[in-house]
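Encoded as structure tokens, the structure appears first; notes follow it.
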Amino acid sequence: MSSATLIAPADRHAAIDMPDLRPTCSCPECGHVLRVSGLGRHRVYFELTDERADDPVMDRVCPVCGHGLPGKNPP
């Protein structure tokens, strides 16, 4: 008895376009969209292009216009 594992070619997986379900937040001043993780004072913002979430927006201000982002209070 023999067995085989079938693996789809890599290009077939790339054709599936899943929507991004991660939560986002828009700057109330300029509308720049950031991905957000956590709640309240534990909220951390990331650029949408930061796929690995390894470069957070550390100063709680919009990287485009400098307006303060929500922190302790819900937006």
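The values are calculated or read from the model by the stated rules, or taken from the named source; none is laboratory data. Owing to the predicted nature of the structure, the values given are computational and were not obtained by experimental measurement. For neighbour counting, all protein chains shown are included, and Cβ atoms are generated from backbone atoms with ideal geometry for every residue, glycine included.
Look through segment 61-75, keep the residues that are closer than 15 Å to Glu29 by Cα and at pLDDT below 85, and return whichever of them is surrounded by the most Cβ atoms within 10 Å (Cβ to Cβ). It comes out as Pro70. Considering every residue within segment 31-38, establish whether at least one is surrounded by 11 or more Cβ atoms within 10 Å (Cβ to Cβ), within 16 Å of the chain's Cα centre (by Cα) and on the phi > 0 side of the Ramachandran plot. Checking segment 31-38: not a single residue is surrounded by 11 or more Cβ atoms within 10 Å (Cβ to Cβ), within 16 Å of the chain's Cα centre (by Cα) and on the phi > 0 side of the Ramachandran plot. Among the residues of segment 33-75, how many are of a type in the set (S, T, N, Q) and touching a strand residue (DSSP E or B) at 6+ places or on another chain (Cβ under 9 Å)? Within segment 33-75, residues that are of a type in the set (S, T, N, Q) and touching a strand residue (DSSP E or B) at 6+ places or on another chain (Cβ under 9 Å) number 1. Do you know which residues across segment 49-58 are assigned to a loop (DSSP other than H, G, I, E, B) and not acidic (Asp, Glu)? Thr49, Arg52, Ala53, Pro56, Met58 - these are the residues of segment 49-58 that are assigned to a loop (DSSP other than H, G, I, E, B) and not acidic (Asp, Glu). Within this structure, Pro56 fails the test of being within 19 Å of the chain's Cα centre (by Cα) and at pLDDT below 80. Which residues, counting only those in segment 39-48, are assigned to a helix (DSSP H, G or I) and either surrounded by 14 or more Cβ atoms within 10 Å (Cβ to Cβ) or basic (Lys, Arg) (or both)? Arg41, the sole residue that qualifies.
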